[in-house]
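Computed from the coordinates by the stated procedures, all read-outs in this text should not be read as laboratory data. All values reported here derive from a predicted model rather than from experimental measurement. Quick reminder, even Gly has a Cβ in these numbers, built from the backbone with ideal geometry, and neighbours come from all protein chains shown.
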Amino acid sequence: MLVHAPTRQQRLLRAAILLIGGFTLICFLLADPLLRGMRKRDQIGAVPQQGAAVVVTLVPARPQADGTPEPAFADVRFRGHLYTANQVIDAESLKVGASAQITYRVGKSGRIYVDSVAPVPPTAPHSP
């Protein structure tokens, strides 16, 4: 069985792949804390507000393979854009395509952060 030694071109190609892969990995590791810091600074002083949005995606809470619960997940359309809610309250009462009440904040940059989504509370009947 003949085993050929790698040629110079193959060694250079392997080195380039390892170099590019290592550089990409380091960029991802460094970018995450920087982006999180930028998001935190953007949210400083943002006042929570209430609004109405339409539920676009809804994934109910379910148990994972190890038995720990996986929280519910929801995307809402608000002011013409899609946002992912950080928390879903009473997911069983939410319906895709229906209105929902959201709590959101507007950062210094103008970006909207949706903190929670919940069903629209029932309105009390007016008494004369």
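Worth pointing out:
- Search result, residues across segment 62-94 that are closer than 17 Å to Asp115 by Cα and assigned to a loop (DSSP other than H, G, I, E, B): Pro71, Ala72, Arg79, Ala85, Asn86, Ile89, Asp90, Leu94
- Among (1) of a type in the set (A, V, I, L, M, F, W, C); (2) over 17 Å from the mean Cα position of the chain (by Cα); (3) over 14 Å from Ile102 (Cβ atoms); (4) surrounded by 10 or more Cβ atoms within 10 Å (Cβ to Cβ), the one test that Ala52 misses: (3)
- Any pair with Cβ under 7 angstrom, 6 or more apart, that starts in segment 21-48 at a residue that is surrounded by 10 or more Cβ atoms within 10 Å (Cβ to Cβ) and ends at one that is in a loop (DSSP other than H, G, I, E, B): Asp42/Gly107; Asp42/Lys108; Asp42/Ser109; Asp42/Arg111; Gln43/Gly107; Ala46/Gly107
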